[in-house]
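*Asks:* Before we start, here is the structure in question, set down as structure tokens.
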Amino acid sequence: MEILRHVVVVIHLVGFAVLFGAWVAEAVARRVQVTRLMSYGLLISLVAGLALAAPWGLEYDLNYTKLGVKLVVLIVIGALLGIGSARQKRTGAVPPILFWLIGPLTLANAAIAVIWR
């Protein structure tokens, strides 16, 4: 069971890497746009994170406050991606503030996972 949990952790990290990597690629190219790859990374992170939040017969208790904060941050990132995508379709451009919030919030979510014990 522990091996399966570790596999889900790897999938969760891959989702983060896809989301953050797609954002960095757009930022470095100076294209302020939301891509479908960012949404896929968010979806992978969400599904794997929800699977990790389930108690799998662990020897320790899960920190549900931490999990709740991470979920709220992920929902905010999803809202920014959704709003940015809708504006991009309508006007052809994403408001820069929406784009520039996605990366730091994604990094903050990873930092919460690692630092908060």
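The values are calculated or read from the model by the stated rules, or taken from the named source; none is laboratory data. Please read all numbers here as calculations on a predicted model, not as lab measurements. Because the Cβ atoms are built from the backbone with ideal geometry, glycine has one as well, and the counts that use them run over all protein chains shown. Protein only, heavy atoms only, side chains kept; ligands, DNA and RNA dropped before computing areas. Shrake-Rupley method; radii C 1.70, N 1.55, O 1.52, S 1.80 Å.
*Asks:* Every residue in segment 56-70 that is modelled with pLDDT of 90 or more and open to solvent by 70 Å² or more (accessible area, probe 1.4 Å), please.
*Replies:* Tyr64, Thr65, listed by residue number.
*Asks:* In segment 53-77, what residues are within 16 Å of Val114 (Cα to Cα) and part of a helix (DSSP H, G or I)?
*Replies:* Residues of segment 53-77 within 16 Å of Val114 (Cα to Cα): 53, 62-71, 73-74.
Those that are within 16 Å of Val114 (Cα to Cα) and part of a helix (DSSP H, G or I): Ala53, Tyr64, Thr65, Lys66, Leu67, Gly68, Val69, Lys70, Leu71, Val73, Leu74.
*Asks:* Could you list, in sequence order, all residues of segment 83-96 that are without any contact (Cβ under 8 Å) to a residue 60 or more places away in the chain and loosely packed, with under 14 Cβ neighbours inside 10 Å?
*Replies:* So in segment 83-96, the residues without any contact (Cβ under 8 Å) to a residue 60 or more places away in the chain come out as 83-92, 95.
Ala86, Lys89, Arg90, Thr91, Gly92 - these are the residues of segment 83-96 that are without any contact (Cβ under 8 Å) to a residue 60 or more places away in the chain and loosely packed, with under 14 Cβ neighbours inside 10 Å.
*Asks:* Sort through Leu50, Leu80 and tell me the only one that's crowded, with 18+ Cβ neighbours inside 10 Å and in a helix (DSSP H, G or I). Show your work before the answer.
*Replies:* Details: Leu50 fails: crowded, with 18+ Cβ neighbours inside 10 Å.
Just one listed residue meets the conditions, Leu80.
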